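The values are calculated or read from the model by the stated rules, or taken from the named source; none is laboratory data. The model shown is predicted, which means the values in this text are computed figures rather than measured ones. Positions of Cβ are generated from backbone atoms using ideal geometry, with glycine treated the same way; all protein chains shown enter the neighbour counts. All accessible areas refer to the heavy atoms of the entire protein, side chains included, with ligands and DNA or RNA removed. Shrake-Rupley method; radii C 1.70, N 1.55, O 1.52, S 1.80 Å.
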Amino acid sequence: TAAPVSAVPAQSTTEQVIESAFDYLSTQMNPDGGIPWFDETSSVAVTLRAVLAMAATDTSQDRLVNAEGLQPIDYLAAEGLSWVNQEETDSPGFSVARAGQLLTAIAAANADPHQFGEPSTDLVYLLNQQYDSNTGIYGSATIDNVTDQIWAILGLAANNFPVPMEAAAWLANAQ
């Protein structure tokens, strides 16, 4: 008769995988506190996802600190606003979707969305400047592309700021 297979609790396996992932990310951090994507250059998009992953797994933001003492949120403070303004593209300009994504990371790291980045910027104010109260639309959201709307709502909600009912209704109707 075969002995029963001892089951490892799924939670401990999950926790081990999560810990291994953060161990790996800690080896990938650049001196600026950012995490690279395809090349050695730090990526705002990848770095903010690491911040979100730490919050989602209830991992302290102190879990990822490089030899210089910088954390991913430090990199986002230094480079996030350039990313939101799409300065790396052929068509620079404020991106509502990127602002919303950055706001979710700011909330995840318990940073101040009214005074974030270099120079200190009120991202909540800038995002709300992109809201059309007549239509309930953030940025350039359309029925075919709701990205601006979704990220604006997520960014505001993550920071406990009110979302206009008309904005939520517009998104619900767009589905």
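Taking the criterion of being exposed (fewer than 14 other Cβ atoms within 10 Å of the Cβ) and over 18 Å from LEU76 (Cβ atoms), the residues of segment 16-39 that qualify are GLN16, VAL17, GLU19, SER20, ASP23, TYR24, THR27, PHE38, ASP39.
Taken over segment 58-103, the criterion of being open to solvent by less than 50 Å² (accessible area, probe 1.4 Å) and either among the acidic types (Asp, Glu) or within 24 Å of ASP23 (Cβ to Cβ) (or both) is satisfied by THR59, GLN61, LEU64, ASN66, GLY69, GLN71, PRO72, ILE73, TYR75, LEU76. Taking the criterion of being open to solvent by 50 Å² or more (accessible area, probe 1.4 Å) and touching a strand residue (DSSP E or B) at 6+ places or on another chain (Cβ under 8 Å), would at least one residue in segment 104-115 satisfy it? Scanning segment 104-115, I find at least one residue that is open to solvent by 50 Å² or more (accessible area, probe 1.4 Å) and touching a strand residue (DSSP E or B) at 6+ places or on another chain (Cβ under 8 Å), so the answer is yes. Across segment 130-159, what is the number of residues that are open to solvent by 60 Å² or more (accessible area, probe 1.4 Å), part of a loop (DSSP other than H, G, I, E, B) and touching a residue at least 24 places away in the same chain (Cβ under 8 Å)? Here the count works out to 5. There is at least one residue in segment 119-129 that is open to solvent by 30 Å² or more (accessible area, probe 1.4 Å), farther than 21 Å from PRO36 by Cβ and touching a strand residue (DSSP E or B) at 6+ places or on another chain (Cβ under 9 Å). Residues in segment 56-110 that are charged (D, E, K, R) and in a helix (DSSP H, G or I): ASP62, ARG63, ASP74, GLU79, ARG98.
Examine segment 87-95 for a residue that is under 26 Å from GLN28 (Cβ atoms) and either under 12 Å from the mean Cα position of the chain (by Cα) or of a type outside the set (D, E, K, R) (or both), and state whether such a residue exists. Looking for residues that are under 26 Å from GLN28 (Cβ atoms) and either under 12 Å from the mean Cα position of the chain (by Cα) or of a type outside the set (D, E, K, R) (or both), one finds at least one in segment 87-95, hence yes. For ALA45, the conditions (1) open to solvent by 20 Å² or more (accessible area, probe 1.4 Å); (2) part of a helix (DSSP H, G or I); (3) farther than 22 Å from TYR138 by Cα; (4) among the aliphatic types (A, V, I, L, M) all hold with the exception of (3). Residue count for segment 162-175, restricted to those that are under 12 Å from TYR131 (Cβ atoms) and either surrounded by 15 or more Cβ atoms within 10 Å (Cβ to Cβ) or over 23 Å from the mean Cα position of the chain (by Cα) (or both): 5.
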